[in-house]
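J.: Here's a structure for you.
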Amino acid sequence: MNCRSSSMFPFLFLFLFSFSWVASADPHEDFLQCLHYQNSNAISKVIYTPINSSYSSVLQFSIRNGRFNTSATPKPLVIVTPLNVAHIQAAIACSQKHGLQIRVRSGGHDYEGLSYVAVIPFVVVDLINMRTVTVDVANKTAWVQGGATLGEVYYRIAEKSRTLAFPAGVCPTVGVGGHISGGGTGMIMRKYGLAVDHIIDLQLIDVKGRILDRESMGEDLFWAIRGGGGNTFGVVIAWKLELVPIPASVTVFNVTRILMKEDATKLIHQWQYAIEKFEEDLFSRIFIWRSANSTQEGKPMIQAAFTSLFLGGVDRLLSYMQESFPELGLVKEDCIEMSWIESTVYFAQFPRNTSLEVLLNRSPRPTSFFKGKTDFVKEPIPKTALEGIWERLDQVDAGSAELQFTAYGGKMNEIAESSTPFPHRAGTLYQIHYGISWNEEGIEAYAKYISWIRRLYSYMAPYVSKNPRQAYVNYRDLDLGVNNLGNTSYRQASIWGTKYFKNNFDRLVRVKTAVDPANFFRNEQSIPPLSSW
């Protein structure tokens with residue numbers, strides 16, 4: 001479910017937006033006139049309003065969560081799909097002049113839809129046309145525009161080299177703009193750390209419309225953008241990536257065990273102790289859900305899919321797994337040797353031997369309604385607590401709920417938590433992602449599934465990080481708290497801010513105050529400036 005894209009209050013949305021649409025009719029027209037005045041260079045070709053026949057298709061193309069694709073969902077007054085930097089500068093200037101908010105969309109996977117939904121009059125700057133990837137093999141770097149997807153980045157790197165990679169996420173349709181700005185976990189993070197740990201330069205358009213790079217923006221702002229969350233400090237138009245070496249051949253496996261609950265408890269409990277000793281070349285994740293069709297003596301069973309990427313050959317992996325986690329019973333037939341680029345297709349759950357060109361496909365798969373949450377685990381969860389999870393999985397439709405346990409450690413333990421805004425480093429055993437999806441429309445279904453995941457999250461409180469209970473900003477969760485529509489106090493914002501950023505939140509606030517004191521770039525969970533306290 002990490003490829004999925006939560007509700008803020010749908011009826012409040014409808015009321016506020018109905019009011020604001022009427023109130024903002026003139027700003028909307030003034031904004032359009034301003035755009036043409038600011039930049040007549042083909043800008044009319046990249047502007048979409050509700051009266052355009054293609055408006056709905058442009059808006060919906062990058063919506064990954066059905067919760068934000070309903071008739072009650074607030075829609076942007078204008079969508080701009082810039083072809084160049086000047087178009088973005090014009091959108092920023094005109095939005096400020098006419099009192100509209102900007103939301104910036106790259107891949108559209110924001111869990112709360114904040115890249116294309118707002119409760120006050122807003123425009124969407126969709127970077128879909130700005131996705132050039134330029135790879136420099138000799139220097140092991142790449143410049144990537146903010147609208148590119150991870151799949152496009154991986155494909156372009158592999159075009160030039162099969163022994164270079166970039167440590168980022170699994171889902172190929174995720175946009176690099178949001179992914180990198182929130183940290184960017186992925187399948188080789190135990191070897192190389194996060195995506196943000198390999199950003200060596202970037203280009204940003206700030207609130208004044210200036211194009212800044214690392215040198216001109218200064219190290220404080222450069223630090224903040226690499227993990228402080230998207231659309232808080234400006235619009236990132238390009239990232240300079242440091243590429244990392246990768247073996248010509250890696251080994252993957254995805255082993256599913258259908259287990260009685262006692263066996264699932266035992267095996268997953270043992271995994272928690274094994275990962276503490278895993279070498280950094282081995283990534284490990286478990287997907288856990290209730291089996292839809294398998295029962296024993298009338299009792300539902302648990303499915304656990306153990307997924308791994310090993311930066312080496314199958315023989316070394318088998319020897320290592322037999323030593324460190326023999327309980328899994330891994331055999332050679334479970335493993336496949338392939339190139340790293342082939343592994344990105346494999347872990348995106350495409351059939352074996354699917355063409356690498358699938359990584360260039362931005363078209364979304366069918367969307368469902370979805371809600372996700374995260375936790376960080378510092379020490380192994382007791383068996384009795386795991387049994388409580390299985391009981392709660394019995395309370396929902398089989399297959400609609402899934403948990404992911406993702407091992408940390410390795411290189412992640414070696415990077416200081418203050419090196420970037422992403423603080424979840426040493427001391428983190430693994431991350432939990434909770435996901436629930438459904439297809440039924442209506443408020444009753446919404447209430448049922450949202451209530452379930454909130455109850456599970458509440459149940460898990462004693463077994464995860466505390467003071468604060470931590471969360472990953474790229475799996476955004478508005479249940480943690482939101483900013484006011486107007487001024488937001490430090491105390492209010494820190495409720496959610498310290499969960500995402502721990503002690504780094506204060507530094508993020510200071511940077512925001514320096515670069516955007518009027519809080520133009522904002523959303524329900526953007527960093528507030530001191531002037532908003």
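J.: Could you please let me know if ARG352 is exposed (fewer than 15 other Cβ atoms within 10 Å of the Cβ), outside any helix (DSSP H, G or I) and of a type in the set (Lys, Arg)?
T.: Yes, satisfied.
J.: Still on this structure, I have one more. Can you name the residue in the stretch 263-281 that is among the polar types (S, T, N, Q) and farther than 13 Å from GLU387 by Cβ and, of all such residues, is nearest to the chain's Cα centre (by Cα)? Reasoning before the result, please.
T.: First, pick out the residues of the stretch 263-281 that are among the polar types (S, T, N, Q): 265, 270, 272.
The next check asks that each one be farther than 13 Å from GLU387 by Cβ; those that pass are 270, 272.
On the way: GLN270: 29, GLN272: 24 Å.
By that ranking, first place goes to GLN272.
J.: Does MET260 qualify as being closer than 30 Å to LEU386 by Cα and surrounded by 24 or more Cβ atoms within 10 Å (Cβ to Cβ)? Step through it out loud before you land on a result.
T.: On the way: closer than 30 Å to LEU386 by Cα: yes; surrounded by 24 or more Cβ atoms within 10 Å (Cβ to Cβ): no.
Answer is no for this residue.
J.: Moving on to the next point. For the stretch 96-113, which positions are assigned to a loop (DSSP other than H, G, I, E, B) and either over 18 Å from PHE369 (Cβ atoms) or over 12 Å from the mean Cα position of the chain (by Cα) (or both)?
T.: HIS98, GLY99, LEU100, SER106, GLY107
J.: Let me ask something else. ALA305 versus (1) assigned to a strand (DSSP E or B); (2) buried (at least 22 other Cβ atoms within 10 Å of the Cβ): which is the lone unmet condition?
T.: (2)
J.: Looking at VAL358, VAL331 in this structure, which one is open to solvent by 60 Å² or more (accessible area, probe 1.4 Å) and either more than 30 Å from GLY481 (Cβ to Cβ) or not aliphatic (A, V, I, L, M) (or both)?
T.: Numbers: VAL358 fails: open to solvent by 60 Å² or more (accessible area, probe 1.4 Å).
Matching residue, one of VAL358, VAL331: VAL331.
J.: While we're looking at this one, here's another question. Could you please give the count of residues in the stretch 336-349 that are in contact with a Pro (Cβ under 6 Å, 6 or more places away or on another chain) and open to solvent by 30 Å² or more (accessible area, probe 1.4 Å)?
T.: 0
J.: Could you tell me which residue of the stretch 216-257 is surrounded by the most Cβ atoms within 10 Å (Cβ to Cβ), considering only residues that are part of a helix (DSSP H, G or I) and more than 22 Å from the chain's Cα centre (by Cα)?
T.: Applying the filter and picking the extreme gives MET217.
J.: Moving on to the next point. Quick check on ARG469: is it surrounded by fewer than 18 Cβ atoms within 10 Å (Cβ to Cβ) and either charged (D, E, K, R) or more than 20 Å from the chain's Cα centre (by Cα) (or both)? So that I can check it myself, show each step before the final result.
T.: On the way: surrounded by fewer than 18 Cβ atoms within 10 Å (Cβ to Cβ): yes; either charged (D, E, K, R) or more than 20 Å from the chain's Cα centre (by Cα) (or both): yes.
Taking the combined requirement at face value, the residue satisfies it.
J.: State whether one or more residues within the stretch 498-510 are farther than 21 Å from ILE450 by Cα, of a type in the set (A, V, I, L, M, F, W, C), surrounded by fewer than 23 Cβ atoms within 10 Å (Cβ to Cβ) and touching a Ser or Thr at 6+ places or on another chain (Cβ under 7 Å).
T.: Yes, that holds for at least one residue.
J.: Being open to solvent by less than 20 Å² (accessible area, probe 1.4 Å), out of contact with any Leu (no Cβ under 7 Å at 6 or more places or on another chain) and among the small types (Gly, Ala, Ser) is the filter; apply it to the stretch 159-201 and report the residue that is farthest from SER363 (Cα to Cα).
T.: Per the stated criteria, the residue is GLY193.
J.: Then there's this: I'd like to verify a number: residues in the stretch 71-105 that are open to solvent by 10 Å² or more (accessible area, probe 1.4 Å) and either small (Gly, Ala, Ser) or in contact with a Leu (Cβ under 6 Å, 6 or more places away or on another chain) (or both), how many?
T.: 5
J.: Can you name the residue in the stretch 21-53 that is modelled with pLDDT under 70 and not hydroxyl-bearing (Ser, Thr, Tyr) and is also nearest to ALA86 (Cα to Cα) among such residues?
T.: Checked the stretch 21-53; the qualifying residue nearest to ALA86 (Cα to Cα) is ASN39.
J.: May I ask you to say which residue of ASP213, ASP206 is surrounded by fewer than 18 Cβ atoms within 10 Å (Cβ to Cβ) and over 30 Å from ILE336 (Cα atoms)? If you could, list the steps in order and put the result at the bottom.
T.: Details: ASP206 fails: surrounded by fewer than 18 Cβ atoms within 10 Å (Cβ to Cβ).
The conditions single out ASP213.
J.: Return yes or no: is GLY209 in a loop (DSSP other than H, G, I, E, B) and out of contact with any Asp or Glu (no Cβ under 9 Å at 6 or more places or on another chain)?
T.: yes
J.: State the number of residues belonging to the stretch 410-427 that are touching a helix residue (DSSP H, G or I) at 6+ places or on another chain (Cβ under 7 Å) and open to solvent by less than 10 Å² (accessible area, probe 1.4 Å).
T.: Of all residues in the stretch 410-427, those touching a helix residue (DSSP H, G or I) at 6+ places or on another chain (Cβ under 7 Å) come to 410-412, 415, 418, 420-423, 425-426.
Filter once more, so that each one left must be open to solvent by less than 10 Å² (accessible area, probe 1.4 Å): 412, 420-423, 425.
Count: 6.
J.: Still on this structure, please answer the following. Would you say ALA447 is at pLDDT below 95, aliphatic (A, V, I, L, M) and open to solvent by 10 Å² or more (accessible area, probe 1.4 Å)?
T.: Values: at pLDDT below 95: no; aliphatic (A, V, I, L, M): yes; open to solvent by 10 Å² or more (accessible area, probe 1.4 Å): yes.
The answer is no for ALA447.
J.: What is the number of the single condition among (1) surrounded by 24 or more Cβ atoms within 10 Å (Cβ to Cβ); (2) farther than 17 Å from ILE225 by Cβ that GLY147 does not meet?
T.: (2)
J.: Looking at (1) over 30 Å from ASP394 (Cβ atoms); (2) open to solvent by 10 Å² or more (accessible area, probe 1.4 Å), which is the one condition that is false for PHE521?
T.: It fails just one condition, (2).
J.: Still on this model: Residues of the stretch 381-398 being part of a helix (DSSP H, G or I), open to solvent by less than 60 Å² (accessible area, probe 1.4 Å) and farther than 28 Å from ASN439 by Cα, which ones?
T.: ALA385
J.: In the stretch 36-70, what residues are open to solvent by less than 60 Å² (accessible area, probe 1.4 Å), closer than 18 Å to ASN129 by Cα, not hydroxyl-bearing (Ser, Thr, Tyr) and not in a loop (DSSP other than H, G, I, E, B)?
T.: If the condition is that a residue be open to solvent by less than 60 Å² (accessible area, probe 1.4 Å), closer than 18 Å to ASN129 by Cα, not hydroxyl-bearing (Ser, Thr, Tyr) and not in a loop (DSSP other than H, G, I, E, B), then ILE43, VAL46, ILE47, VAL58, LEU59 are the ones that fit.
The values are calculated or read from the model by the stated rules, or taken from the named source; none is laboratory data. For clarity, every value in this text was computed on a predicted model and none was experimentally measured. Cβ sites come from the backbone with ideal geometry, for glycine too, and all protein chains shown count toward neighbours. We work out accessible area using only protein heavy atoms, side chains counted, and drop any ligands, DNA or RNA first. Shrake-Rupley method; radii C 1.70, N 1.55, O 1.52, S 1.80 Å.
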